[in-house]
Amino acid sequence: EAGVAQSPRYKIIEKRQSVAFWCNPISGHATLYWYQQILGQGPKLLIQFQNNGVVDDSQLPKDRFSAERLKGVDSTLKIQPAKLEDSAVYLCASSLDWEDTQYFGPGTRLTVL
Amino acid sequence: SQQGEEDPQALSIQEGENATMNCSYKTSINNLQWYRQNSGRGLVHLILIRSNEREKHSGRLRVTLDTSKKSSSLLITASRAADTASYFCATDAGSNYQLIWGAGTKLIIKP
């Protein structure tokens with residue numbers, strides 16, 4: 001069974017630029033999550049999708065971050081414009097349903113200069 | 001906000017020894033999970049223990065849960081170099097089973 005795929009693996013941008021991350025969850029998984037993990041900390045949930053609907057985006061900085069999961073499969077997370085404090089690893093995870101084990105992708109390491 | 005706090009922050013032991021990590025949390029939970037993260041394989045789910053369970057085993061892993069003390073421990077027996085990683089506990093205190101994570105314990109196994 002293929003795991004959660006993410007791209008790119010690494011991204012370096014200047015502050016105020018925009019960036020987008022892509023995630024392909026495990027086939028058949030209804031729930032998709034985006035997390036931000038700052039160095040030395042645990043992951044922080046940014047947004048949770050159930051199929052193509054948003055369950056929770058309370059910790060998503062909506063003035064600069066946006067995410068979509070249009071067909072209930074792939075998802076993209078965008079930051080526009082980026083700030084220095086956005087430097088982190090962005091993790092995508094999926095689960096069969098919202099109460100099941102979450103499986104994580106390898107993450108995208110973002111560096112904002 | 002972080003729900004769980006792992007203790008210790010870092011642990012260094014000799015290969016073959018046992019490693020014990022602790023996690024404390026603040027609010028009532030449905031279940032508690034332990035994950036491992038290393039640079040090679042990312043975040044990997046290790047074990048889930050439900051609030052009505054007290055102990056669970058999986059291979060060389062043993063997890064205990066004390067809901068009265070709001071704490072859990074992860075024991076790795078007969079440690080190996082490949083166990084070198086950061087270990088996180090995550091609790092799902094919310095109604096949507098969202099996970100809230102601690103800052104992790106960094107485990108180093110010395111050959």
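Descriptive notes on the structure:
- Any hit, segment B:52-71, residues being closer than 13 Å to B:Thr105 by Cβ and either touching a Lys or Arg at 6+ places or on another chain (Cβ under 9 Å) or at pLDDT below 95 (or both): no
- Of B:Leu32, B:Leu75, all but one fail to be at pLDDT 95 or above, outside any loop (DSSP other than H, G, I, E, B) and among the aliphatic types (A, V, I, L, M); the exception is B:Leu75.
- Matching entry among A:Gly72, A:Gly53, A:Gly107, A:Gly42 (being on the phi > 0 side of the Ramachandran plot and either within 14 Å of chain B (Cβ to nearest Cβ) or at pLDDT 95 or above (or both)): A:Gly107
- B:Asp92 passes every criterion in (1) within 12 Å of another protein chain (Cβ to nearest Cβ); (2) more than 22 Å from A:Gly105 (Cβ to Cβ); (3) acidic (Asp, Glu) apart from (2).
- Residue satisfying condition, being away from every other protein chain (no Cβ under 13 Å) and within 15 Å of the chain's Cα centre (by Cα), within set B:Arg80, B:Arg36, B:Arg54: B:Arg54
- Segment A:52-98 holds strands (runs of 3 or more DSSP E) entirely within its bounds, and those carrying 3 or more residues that are in contact (Cβ under 8 Å) with a residue 24 or more places away in the chain and over 15 Å from B:Leu99 (Cα atoms) map to A:75-79, A:88-95.
- From the options B:Leu46, B:Leu107, B:Leu65, residue that is within 26 Å of A:Val4 (Cα to Cα), more than 12 Å from every other protein chain (Cβ to nearest Cβ) and either of a type in the set (Val, Ile, Thr) or not in a loop (DSSP other than H, G, I, E, B) (or both): B:Leu107
The values are calculated or read from the model by the stated rules, or taken from the named source; none is laboratory data. This is a predicted model, so every value here is computed, not measured. Please note: Cβ atoms are built from the backbone with ideal geometry, for glycine as well, and neighbour counts cover all protein chains shown.
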